[in-house]
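The values are calculated or read from the model by the stated rules, or taken from the named source; none is laboratory data. Just so it is clear, the model here is predicted, and its values are computed rather than measured. Don't worry about glycine lacking a Cβ; one is built from the backbone with ideal geometry, like all the others, and counts go over all protein chains shown. Just the protein is used for accessible areas: all its heavy atoms, side chains included, with ligands, DNA and RNA removed. Shrake-Rupley method; radii C 1.70, N 1.55, O 1.52, S 1.80 Å.
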Amino acid sequence: MLQFISIVIGLVCAALMVPGLIPFLGWMQWLVLVGCVAGIIFGSFCKRKIGLVINIAVAIVAIVRLMLGGGAF
């Protein structure tokens, strides 16, 4: 069950991340990061790590976007 929750959180965060890549919507990446942390926590307790990998990948893209945009924009 935790695996399913982690995958769902990862997919929702990935869907929210796409509009956040547009300039002036970078603040959405902070919400994505909070969701990814929750997904990483749920995914770390499972045998199969697909949810964990999805959340880590989305978190890395969100962090890179924030670094390139200066934190907010």
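I'd like the accessible area for VAL18, computed on protein heavy atoms only with a 1.4 Å probe and all protein chains in place. Round to 10 Å², please.
Taking all protein chains as shown, VAL18 has close to 90 Å².
Accessible area per residue for the chain in Å², computed with a 1.4 Å probe and the full protein assembly in place, what is it?
I get 62 Å² per residue for this part.
Sort 23-36, 50-63 for me by packing, meaning the mean count of neighbouring Cβ atoms within 10 Å per residue, highest on top.
50-63, 23-36
Helix-derived [θ] at 222 nm for the chain: sum -39500 (n - 2.57) over DSSP H runs of at least 4, divide by residue count, nearest 500?
Numbers: 3 runs with 55 residues, N = 73.
Mean residue ellipticity, 222 nm, calculated: -25500 deg cm²/dmol.
So for the chain, averaging the separation of alpha carbon pairs under 8 Å that are six or more residues apart and normalising by length, what relative contact order in percent results? Mind dumping the intermediate values first?
On the way: 107 pairs, mean separation 30.8, N = 73.
Worked out over the chain, it gives 42 percent.
Hydropathy at least 1.0 by Kyte-Doolittle, axial extent at least 24 angstrom from the Cα trace: which helices of the chain, defined as entire DSSP H runs, fit?
2-20, 50-69
If you take all C-alpha pairs in the chain, what percent of them are over 15 Å apart?
Of all Cα-Cα distances in the chain, 44 percent exceed 15 Å.
Pick out, in residue order, every one of the trypsin sites (Lys or Arg not before Pro) in the chain that is DSSP loop and has at most 10 other C-beta atoms within 10 Å; say none if there are none.
LYS47
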